[in-house]
Amino acid sequence: MKKIIMLIAAIGLIIGLTSPVFAQNTVNGKNLIVFFSLYGNQKSVQTDADSSASRTIYNGKVAGNTEIIAQMIQEEVGGDMVLLQTVNKFSNEYKTVIEEGKHNKNTKFKETTNKIDLSGYENIFIGFPAWWYDMPDPLFDFLDKHDLSGKKVYVFATSGGSGLMRSISGIQKLEPNADVNKTGFHVFYTRIAGAKEDVKAWLKKVGVK
Ligand SMILES: Cc1cc2nc3c(=O)[nH]c(=O)nc-3n(C[C@H](O)[C@H](O)[C@H](O)COP(=O)(O)O)c2cc1C
């Protein structure tokens, strides 16, 4: 698997990029789309060939892969969109991030700054990139710090091939009083920009749209 991840990193290094865009928090709605993405959590914004497989051009702007799927969901169902922010930022070097992103609870990269008031939201969409066959540590930090009891939860992920892994059952275990929909949504990182129709089909399937 390490070889696959390094291959992803190598491919990422040759992707050309334009200007950056970060998640915008909008107002209103019963939906909260909360996600983690490497883009927006590095020491500085990367907009050129030093970039990684962790960003794509969507609507003419560069964004993190998971962020783009979050945007597509927001375009369809509305609501607020929040990028989880780590206290300590990841390296600008994708190869280094691969090492930094290894799971180790209490790692200095796990802690997030977001304290989100979940009251008023009915649906919580949770998105993340696969990191070492699992959810990234900052996503676990979000789940540790927030109580999703009574919420309907919808899970989406982007990755180079790992799919949703055990994230749905994992989130349900961590949030026993949440209603975690068993049908998640996954996109391969090479298909992010063209995923809109699949996003729409998923939202329809889970009955949100
Ligand atoms: C630290 C790290 C670990 C990763 N581990 C996996 C993995 O186990 N399986 C996989 O398919 N892709 C893996 N990837 C690739 C990302 O899941 C993929 O590029 C994703 O779309 C990035 O989303 P983002 O732009 O929102 O961060 C990894 C990437 C990083 C940086």
Note to self: If I ask for residues that are modelled with pLDDT of 90 or more, under 15 Å from GLY40 (Cβ atoms) and of a type outside the set (S, T, N, Q), which ones from segment 79-99 would you list?
What the structure shows: MET81, VAL82, LEU83, LEU84, VAL87, LYS89, PHE90, VAL97
Check: Could you say which residue among LEU13, LEU32 is at pLDDT below 60, more than 12 Å from the ligand (Cβ to nearest atom) and in contact with a Phe, Trp or Tyr (Cβ under 8 Å, 6 or more places away or on another chain)?
Finding: LEU13
Margin query: I need the full set of residues from segment 53-71 which are assigned to a helix (DSSP H, G or I) and farther than 12 Å from LEU38 by Cβ, in order please.
Written below: ILE68, ILE69, ALA70, GLN71
Checklist line | Subset of segment 40-56 (residues that are modelled with pLDDT under 90 and either within 12 Å of the ligand (Cβ to nearest atom) or under 21 Å from GLU99 (Cα atoms) (or both)) | finding: SER44, VAL45, GLN46, ALA49, ASP50, SER51, SER52, ALA53, SER54, ARG55, THR56
Note to self: Of all residues being touching a strand residue (DSSP E or B) at 6+ places or on another chain (Cβ under 6 Å) and within 16 Å of the ligand (Cβ to nearest atom) in segment 120-135, which is farthest from GLY101 (Cα to Cα)? Just the residue, please.
What the structure shows: PHE125
Check: Does LEU139 fit the bill of being closer than 16 Å to ILE33 by Cα, of a type outside the set (Asp, Glu) and buried (at least 18 other Cβ atoms within 10 Å of the Cβ)?
Finding: yes
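The values are calculated or read from the model by the stated rules, or taken from the named source; none is laboratory data. The model shown is predicted, which means the values in this text are computed figures rather than measured ones. In this analysis, Cβ positions are derived from the backbone assuming ideal geometry, glycine residues included, and neighbour counts consider all displayed protein chains.
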